């Protein structure tokens, strides 16, 4: 079926509440990477911007299954660099996070709401088991 013809059995799209719909390919690409899943999981509880350094600590703790106080400075620094150069720009380009370079903070956008159901899965199928 050509791309410009809607599938008659397709489920209706998201409710038009002012949230820009994230393309399925973009959502899958974002969620295919373990670190980006960790970033989103760490940002979910926060309504306010989170400092990138604090986010790196939280991601390191989640990835290593420890508390933020048990994260080595080397691990936190490696993750910070990865977030700064790779993951946060990719999430920002997809309009899932907003990065304020002047304040060095990250916050979820309204569009991240669309990914929440995919991040809240049953414990039997962990998003952190691969990649």
### Task
Could I have the simple spin-label model distance between residue 93 and residue 25, label points 7 Å from Cα toward Cβ, reported in nm to one decimal?
1.3 nm
### Query
residue 86 to residue 47: FRET efficiency via 1/(1 + (r/R0)^6), r the Cβ-Cβ distance, R0 30 Å, to the nearest 0.05?
0.75
### Task
Report the full-extension gain for the segment residue 110 to residue 72: residue separation times 0.36 nm, less the Cα-Cα distance, to one decimal in nm.
10.4 nm
### Message
How would segment 29-74 be classified by its alpha-carbon gyration tensor: rounded, prolate or oblate, with rounded meaning a/c under 1.5 and the a/b versus b/c comparison settling the rest?
### Response
oblate
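Any read-out appearing in this document is the output of simple, stated calculations on the displayed coordinates, not a laboratory observation. These figures come from a predicted structure and were not determined experimentally. Glycine gets a Cβ as well: all are built from the backbone with ideal geometry, and neighbour counts include every protein chain shown.
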